[in-house]
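Undergrad: Below are the structure tokens for one structure; questions will follow.
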Amino acid sequence: QVQLVESGGGLVQPGGSLRLSCAASGSIFSINVMAWYRQAPGKQRELVAAITGGGSKTNYADSVRGRSIISRDNAKNTVYLQMNNLKPEDTAVYYCKAKVVTLSGPPDEHEYWGQGTQVTVSS
């Protein structure tokens, strides 16, 4: 019904920047909170940043606050994560999550996840 596709990951040197994108498509009536999570090898998945439906409120993990900016383009059903001054500890698979009300069925929110994009920070 709903697909989330992340892009923008890759290999970057410490101190560098990346911009991740996550585009939602399918049977979408509305998208509420969108968020980025990450999971490093051997660690639990953790919240990186989240943004409300209108984009007026954001939240960041302490580890990325001041170095990252989450934003969204509702006309494109897309959320972005701009990451600056990247550190080796930022290396992880980054996942997008969205809370979506679909076109069919009752007006309930459902969570959808993308397949992830690898970010590697290394010299």
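Undergrad: Evaluated at 20 °C with a viscosity of 1.002 mPa s, what Stokes-Einstein diffusion coefficient in µm²/s does the stretch 11-70 have when Rh comes from the Kirkwood expression over alpha-carbon pairs?
TA: Diffusion coefficient, whole number: 159 µm²/s.
Undergrad: In addition: Please report how many Lys pairs in the chain have alpha carbons closer than 21 angstrom, counting only residues at least 8 apart along the chain or sitting on separate chains.
TA: 7
Undergrad: Among DSSP beta bridges lying fully in the chain, give the percent that are antiparallel, nearest 5.
TA: 95 percent
Undergrad: Mean-square fluctuation check for the chain, GNM, Cα pairs under 10 Å: which of Ser17, Ser56, Ser71 is largest?
TA: Comparing Ser17, Ser56, Ser71 in the GNM, the peak value goes to Ser56.
Undergrad: How much length is gained on full extension from Gln1 to Gln118, taking 0.36 nm per residue of separation minus their Cα-Cα distance?
TA: So the chain would gain 39.7 nm between Gln1 and Gln118.
Undergrad: Viscosity 1.002 mPa s, temperature 20 °C: give me the Stokes-Einstein translational D for the chain in µm²/s, with Rh taken as the Kirkwood radius over C-alpha pairs.
TA: Roughly 147 µm²/s, to the nearest whole number.
Undergrad: When Lys and Arg each count +1 and Asp and Glu each count -1, what net charge do the other residues less than 10 Å away from Gly55, Cβ to Cβ, add up to?
TA: That works out to +1.
Undergrad: Counting pairs of alpha carbon atoms under 8 Å apart in space and at least six apart in sequence, what relative contact order in percent does the chain give?
TA: Reported relative contact order: 36 percent.
Quick note: the coordinates plus some simple rules give every number you see, no bench work behind them. These numbers were taken from a predicted model, which means no experiment stands behind them. Glycine also receives a Cβ, built like all others from the backbone with ideal geometry; neighbour counts cover every protein chain displayed.
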